[in-house]
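Undergrad: Have a look at this one before I ask anything.
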Amino acid sequence: MNVHFIAIGGAAMHNLAIALHNKGYQVTGSDDTIFEPSKSRLQAKGLLPEAFGWFPEKITSQLDAIVLGMHAKEDNPELLKAQELGLKIYSYPEFLYEQSKDKTRVVIGGSHGKTTITSMILHVMHYHDMEVDYMVGAQLEGFDVMVKLTDDNDFIVLEGDEYLSSPIDRRPKFHLYQPNIALLSGIAWDHINVFPTYENYVEQFQIFVDSIVKGGSITYNAEDPEVVRVVEASENTIRKLPYQTPEYTVEDGETLLETSEGELPIEVFGAHNLNNLAGAKWICQHMGIDEDDFYEAISTFKGASKRLEKIAVGKSSVAYKDFAHSPSKVEATTKAVKDQYPDRKLVACLELHTYSSLNAEFLKQYEGALDAADVAVVFYSPHAVEIKKLDEVTHEQIKQAFNREDLTIFTNPEDFKTDLFSRNLENSALLLMSSGNYGGLDFDEVKGLIE
């Protein structure tokens, strides 16, 4: 099968391209720019385009399928040529469904926790040598790729993102997978550039629950009132299976999970991650892993990349980085680190980097999000606000939004770095939350701060 990727360099797109190449497909692609690590990974497989740009001459009737990435525009020259030739054009999720329509599809949805839950499930499967196909949004320890597709495996585990499918398909990705087994971890308004109202955002999850195959199941977080409302209101003929945070204790910086066999030390921590673990356990049981085998495997799970990832540890201090950017994630992550290290000073740094977080109206959602921190720092780039064509955000607006008088705010990367590197982090926990890098911060240098 000959498949061409328009915008092959995206995080999801290049992983799918590699998965198809590994499956034996003929894969080509184009993009106007490709960053690391996509560039090196495509190059290693011989899939890196010879030149950056869009080349309509690459689009011929010999192609069996086009996969269109979100980075492309509706007037993309290659897309227009493909439409002119009447070629089959798939969005990323449509193509994944096409590859998995004869498998049992397990889809993990939710505003937060979906990458971690998907990663936990895959870790447990890998630990017990159970081969499954998958798509996950983070690089996992022990896994070479973020997408795996075969003809043989019975299950495919998919991280169900609510963001849009492609420039010409405005449906959220997770509406297209038609799960047999689904999970819903939480609903907290996000992506306001696409879902301008809370009601509009929640509606996408209602559609997701209704898209589950009849006779299938939804495992859902019973501690999230909106999730409960959405699931219980659905008239879809599916099994509805609630889960909640298990009992656990924290002793000397170690989290102990209560099980029927006694206390089990685990590597991940925080109430939100224990809640994620409970959801992952039920999904693994649906897939044939019994409870004891799940606990044995999950005790060795260290977390998904950039999700409460420990980057340095010293005698009296520790540093974590986390992808958290939406208000609910920031609040849960900050609280998790404080609960894990109650006797240490928590220095929490947040970069406002996404469209939603830099929107003056949406900022109000962050009230109280950093309250668990002893020292709270916010960094944002006025240039990023400009690029996203948003109204200017002032220091005063940010301070009011977080409702924290002692909040320190930086807009210059060098000033932020100078402040961070001048801090005494003895007997401290440092938490760096961002989907960016604070204007060029080298995380390896940060490790030198930890004693």
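Undergrad: Can you name the strands (runs of 3 or more DSSP E) wholly within segment 38-129 that have at least 3 residues being farther than 30 Å from Leu308 by Cβ and touching a residue at least 24 places away in the same chain (Cβ under 8 Å)?
TA: Those strands (runs of 3 or more DSSP E) span 65-68, 89-91.
Undergrad: Residues to consider are Thr354, Thr411, Thr394; find the one that is among the hydroxyl-bearing types (Ser, Thr, Tyr) and in contact with a Phe, Trp or Tyr (Cβ under 8 Å, 6 or more places away or on another chain).
TA: Thr411
Undergrad: May I ask you to say which residue of Glu331, Glu405 is under 21 Å from the mean Cα position of the chain (by Cα) and either in contact (Cβ under 8 Å) with a residue 12 or more places away in the chain or part of a loop (DSSP other than H, G, I, E, B) (or both)?
TA: Glu331
Undergrad: Since Lys399 meets every condition but one in (1) more than 14 Å from Leu350 (Cα to Cα); (2) surrounded by fewer than 19 Cβ atoms within 10 Å (Cβ to Cβ); (3) more than 26 Å from the chain's Cα centre (by Cα), which condition does it not meet?
TA: For Lys399, the failing item is (1).
Undergrad: Something else about it: Look at segment 307-322 and say how many of its residues are in contact (Cβ under 8 Å) with a residue 24 or more places away in the chain, within 18 Å of Gly436 (Cβ to Cβ) and surrounded by fewer than 21 Cβ atoms within 10 Å (Cβ to Cβ).
TA: 1
Undergrad: Turning to a different aspect of this structure: Being out of contact with any Asp or Glu (no Cβ under 7 Å at 6 or more places or on another chain), of a type in the set (A, V, I, L, M) and in a loop (DSSP other than H, G, I, E, B) is the filter here; which residues of segment 161-208 pass it?
TA: If the condition is that a residue be out of contact with any Asp or Glu (no Cβ under 7 Å at 6 or more places or on another chain), of a type in the set (A, V, I, L, M) and in a loop (DSSP other than H, G, I, E, B), then Ala188, Ile192, Val194 are the ones that fit.
Undergrad: What residue, of Tyr220, Tyr163, is within 17 Å of the chain's Cα centre (by Cα) and either within 22 Å of Ser328 (Cα to Cα) or not assigned by TED's automatic domain parsing to the domain that holds Glu331 (or both)?
TA: Tyr163
Undergrad: For segment 383-411, name all the residues that are farther than 10 Å from Leu358 by Cα and touching a helix residue (DSSP H, G or I) at 6+ places or on another chain (Cβ under 9 Å).
TA: Matches in segment 383-411: Gln397, Gln400, Ala401, Phe402, Asn403, Glu405, Leu407, Thr408, Ile409, Phe410, Thr411.
Undergrad: OK, next. Within segment 22-58, take every residue that is basic (Lys, Arg) and over 11 Å from Gly10 (Cα atoms) and give me the one that is surrounded by the most Cβ atoms within 10 Å (Cβ to Cβ).
TA: So the residue we want is Arg41.
Undergrad: Pull up segment 376-398, narrow it to residues that are among the hydroxyl-bearing types (Ser, Thr, Tyr) and either under 22 Å from Leu432 (Cβ atoms) or outside the structural domain of Val330 (by TED's automatic domain parsing) (or both), then point me to the one that is modelled with the highest pLDDT.
TA: The residue in question is Tyr380.
Undergrad: Then there's this: Of all residues in segment 57-108, which are of a type in the set (Lys, Arg) and more than 17 Å from Ser30 (Cβ to Cβ)?
TA: Residues satisfying the conditions are Lys88, Lys101, Lys103, Arg105.
The values are calculated or read from the model by the stated rules, or taken from the named source; none is laboratory data. Everything numeric here is computed off the predicted structure, so don't read it as measured data. Positions of Cβ are backbone-derived with ideal geometry, glycine not excepted, and every protein chain shown enters the neighbour counts.
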